[in-house]
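Below is one structure, written out as structure tokens; comments come after it.
The values are calculated or read from the model by the stated rules, or taken from the named source; none is laboratory data. The shown structure was predicted, so the numbers you read here are calculated from the model rather than taken from an experiment. Note: ideal-geometry Cβ built from the backbone for every residue, glycine included; neighbour counts use all protein chains shown. For accessibility, only protein heavy atoms count, side chains too; no ligands or nucleic acids. Shrake-Rupley method; radii C 1.70, N 1.55, O 1.52, S 1.80 Å.
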Amino acid sequence: MGTFIQLVVDGLATGSIYVALALAIVLVNQATGLINFAQGGMAVLSAYIAYAFVQLGLPLVLAILISIILSFLLGAVVERFLLRRFEGGDPDTAVVVTIGLLTLVTGICAVLWGYNNLGFPSLFPLTSVELLGAVVSVRSLATAVTIVVIMVVLQLLFLRTKLGLALRAVADNPASAAFSGLPVGRLLMVGWGLAATLGAIAGVLVAPQLTLTPGMLDTALVYALAAVILGGLDSPIGCVVAASAIGVLENLVAVYIPLIGHDLKIAVPFALIFVILIIRPQGLFGRKVVVRV
Amino acid sequence: MSAAAATTARRPWVRIVLAAVVAVVLIAAPLVLPAFANQTLVRIGVYAVAVLGLNIVMGYTGQVNLGQIFFVGLGAYVTAYGVNQGWNILLVFVAACAVAGVVGLLVALAAARLGGLAIAMVTIALPIVGVPLAKRLSDFTGGSQGISARFTDAPEWSGLDNDQWQFYIVLVVAAGAFLLARSLVRGKYGRAFAAVRENEAVAASMGISPYRTKVLAFTIASIFGGASGFLYLAAVQYTSPETLSFGHSISLLAAMVIGGAGSIAGSLLGGAYYVFVPQLTNAIDPNLTTISQGAILLAVLFLLPGGLVSIPRVVRRLTRRYAGRSSTGRRAMARPAAETSQQTTPAHRPVPDAAPERHEQTERQDGP
């Protein structure tokens with residue numbers, strides 16, 4: 001039982017990283033109808049930026065804050081100068097653009113910092129505490145708590161502020177939002193900025209565990225995409241649930257089903273997706289979209 | 001001038017002579033070229049087939065596929081296994097295509113159920129799951145160390161070197177693949193692909209099942225991937241999990257877009273891009289490979305959405321614009337109008353009267 005709880009808790013901690021990336025993907029998708037495949041790559045770049053400031057001798061918290069602000073700007077700039085040209089056009093082309101962006105960002109990281117694994121300092125102490133008979137590292141616990149706090153803040157932003165209302169309006173119907181006098185372009189930039197910020201937080205939280213490499217979040221991106229498919233693209237709650245579930249499930253399967261083990265556990269969410277796509281094509285929490293000609 | 005040249009190219013006998021010349025050059029080339037050039041051409045052929053498959057599902061049907069390299073790897077592993085088991089080489093080839101095709105069919109059956117970008121989101125997992133899978137199934141794949149199989153050494157009677165023999169194997173398979181793909185995208189299925197890419201709801205209302213069309217296109221792409229994997233092993237004689245890594249999958253997609261989406265000739269250019277550009281950037285600085293790839297891909301999307309294959313068309317348009325209207329004839333004026341109408345409604349394209357002209361029109365379908 002102790003092992004089980006341990007696995008569940010660890011799974012939730014890993015799952016929280018997927019939650020952050022998946023939320024960022026849903027955020028961009030809600031605002032622009034795109035899937036941003038560069039989300040993981042941009043998060044890695046944010047982590048590298050924080051790393052660079054730590055190397056310059058800044059305290060870790062300050063470096064992370066600077067990186068978060070820069071990531072927001074980066075996201076906004078990317079939307080303005082790269083994606084805007086392809087918004088409203090063929091979604092496939094736009095997706096290829098985000099894949100080009102992923103390659104470019106990975107390449108930038110590789111040129112500036114190389115492919116070697118770099119140690120990233122942890123924001124939280126590496127001690128562990130007893131919880132329900134399981135040993136939980138403070139780092140995992142704090143990571144999960146941080147993600148929850150961010151989710152609550154986001155939820156408040158979207159439901160309780162004017163900016164949130166405007167963002168939702170643009171996401172829902174850009175044309176009517178524009179007619180109502182909302183600055184759609186600027187709001188899209190803010191949406192991308194927020195998504196990049198979420199990615200940055202995921203990046204600096206996961207970097208100490210994985211050590212920093214340009215391809216660090218490629219696998220996490222795949223998990224996040226799986227969570228987004230499972231949860232439904234239009235349901236932030238759905239993807240939070242799905243991402244956490246995937247984190248827990250892969251941990252359990254890796255240990256309890258030796259046939260799959262640690263190396264193949266990434267196949268688990270996709271096996272799940274296959275089953276679910278057959279039964280419920282719109283995802284677990286997604287709305288069914290009616291197509292009109 | 002360009003209009004006159006185009007008219008000449010449209011005469012059937014000119015096309016036949018051109019095709020014959022190209023065939024003779026291709027057949028003679030390996031005998032005179034140095035081994036390194038042959039090997040490069042062989043690798044271009046290998047990847048051109050993979051890009052061609054990707055083009056069918058992505059360029060023509062509009063379904064983003066990020067997992068094409070998985071099918072190349074699958075074909076390569078099946079080939080290696082079959083060769084080491086001592087199967088007949090034709091059987092090996094069929095098995096490489098069939099296994100890739102069946103796996104592709106299974107993936108597509110699930111992925112095509114979700115509309116929009118689900119195929120992209122599911123296929124991105126293929127190489128990422130594929131690498132640990134290949135390591136795990138070490139009885140078949142040789143694990144991390146990979147597996148090698150030699151079956152393309154030139155036989156004694158031919159008097160050829162190995163690189164020349166490989167060239168001919170790749171040439172035969174690739175030429176077959178290109179001819180097949182060409183007739184596929186110009187026929188009934190090609191029109192169904194275009195209809196689904198333009199608007200699924202419209203396609204459905206015309207009696208084309210978007211689901212079945214997408215599954216079909218994806219399966220065909222996987223079969224081409226399997227064939228490319230066979231050729232890969234013919235050329236490289238070794239495969240490992242590294243062959244089907246995520247980065248290669250993205251490179252393949254970049255090669256397709258840069259060569260020209262929705263274009264048969266673009267697939268060949270894509271294969272050339274896939275082989276040449278990393279060779280070039282590696283020679284300068286290996287760290288530059290990824291960044292240059294991203295930059296080139298984005299630059300092409302911005303400046304040349306039709307890919308390299310559209311350069312002649314762009315040049316023609318520009319020269320026409322600057323040359324003024326007086327020098328060019330009626331035909332030259334009529335052509336741009338036809339071009340725009342095709343680009344907006346390729347699904348309802350009128351059936352062209354002159355058969356050879358269809359060639360250019362098919363290649364012009366690529367979107368905005």
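Within the bounds of segment B:127-145, is there any residue that is open to solvent by 10 Å² or more (accessible area, probe 1.4 Å), over 30 Å from A:A220 (Cα atoms), more than 9 Å from chain A (Cβ to nearest Cβ) and of a type in the set (D, E, K, R)?
no
Give the residue that is farthest from the other protein chains (Cβ to nearest Cβ), with candidates limited to residues of segment A:209-239 that are among the aliphatic types (A, V, I, L, M) and farther than 20 Å from B:A125 by Cα.
Only one residue fits best here, namely A:I237.
Residues in segment B:267-296 that are away from chain A (no Cβ under 14 Å) and among the small types (G, A, S): how many?
Result for segment B:267-296: 4.
Going residue by residue through segment B:42-52, is there one that turns out to be assigned to a helix (DSSP H, G or I) and open to solvent by 50 Å² or more (accessible area, probe 1.4 Å)? Working first, answer last.
Of the residues in segment B:42-52, the ones assigned to a helix (DSSP H, G or I) are B:42-52.
Next, from what is left, pick out any that are open to solvent by 50 Å² or more (accessible area, probe 1.4 Å): B:43.
Scanning segment B:42-52, I find at least one residue that is assigned to a helix (DSSP H, G or I) and open to solvent by 50 Å² or more (accessible area, probe 1.4 Å), so the answer is yes.
Could you check, for segment A:145-164, whether at least one of its residues is touching a helix residue (DSSP H, G or I) at 6+ places or on another chain (Cβ under 6 Å), more than 23 Å from A:S16 (Cβ to Cβ) and open to solvent by 40 Å² or more (accessible area, probe 1.4 Å)?
Looking for residues that are touching a helix residue (DSSP H, G or I) at 6+ places or on another chain (Cβ under 6 Å), more than 23 Å from A:S16 (Cβ to Cβ) and open to solvent by 40 Å² or more (accessible area, probe 1.4 Å), one finds none in segment A:145-164, hence no.
Checking B:R197 against (1) at pLDDT 90 or above; (2) touching a Ser or Thr at 6+ places or on another chain (Cβ under 9 Å); (3) of a type in the set (D, E, K, R), only one condition comes out false. Which one?
(1)
Just one of B:V315, B:V309 is of a type outside the set (S, T, N, Q) and in contact (Cβ under 8 Å) with a residue 40 or more places away in the chain; which is it?
B:V309
I need the helices (runs of 4 or more DSSP H) fully contained in segment A:1-114, keeping only those with at least 3 residues that are within 14 Å of chain B (Cβ to nearest Cβ).
A:2-32, A:39-55, A:91-113
So, in segment B:260-288, how many residues would count as being small (G, A, S), under 20 Å from B:V170 (Cα atoms) and either open to solvent by less than 10 Å² (accessible area, probe 1.4 Å) or free of Cβ contacts under 8 Å to residues at least 40 places away in the same chain (or both)?
Of segment B:260-288, the ones small (G, A, S) are B:260-263, B:265-267, B:270-272, B:283.
Add one more test, that the residue is under 20 Å from B:V170 (Cα atoms), and what stays is B:265-267, B:270-272.
Applying the additional criterion that residues be either open to solvent by less than 10 Å² (accessible area, probe 1.4 Å) or free of Cβ contacts under 8 Å to residues at least 40 places away in the same chain (or both) yields B:266-267, B:270-271.
Looking only at that region, the number is 4.
State which residue pairs qualify: first residue of a type in the set (S, T, Y) and inside segment B:150-164, second residue assigned to a helix (DSSP H, G or I) in any location, beta carbons under 8 Å apart, and separation of 6 or more residues or different chains.
B:T152/B:N162; B:T152/B:W165; B:T152/B:Q166; B:T152/B:I169; B:T152/B:A234; B:T152/B:A235; B:S158/B:W165
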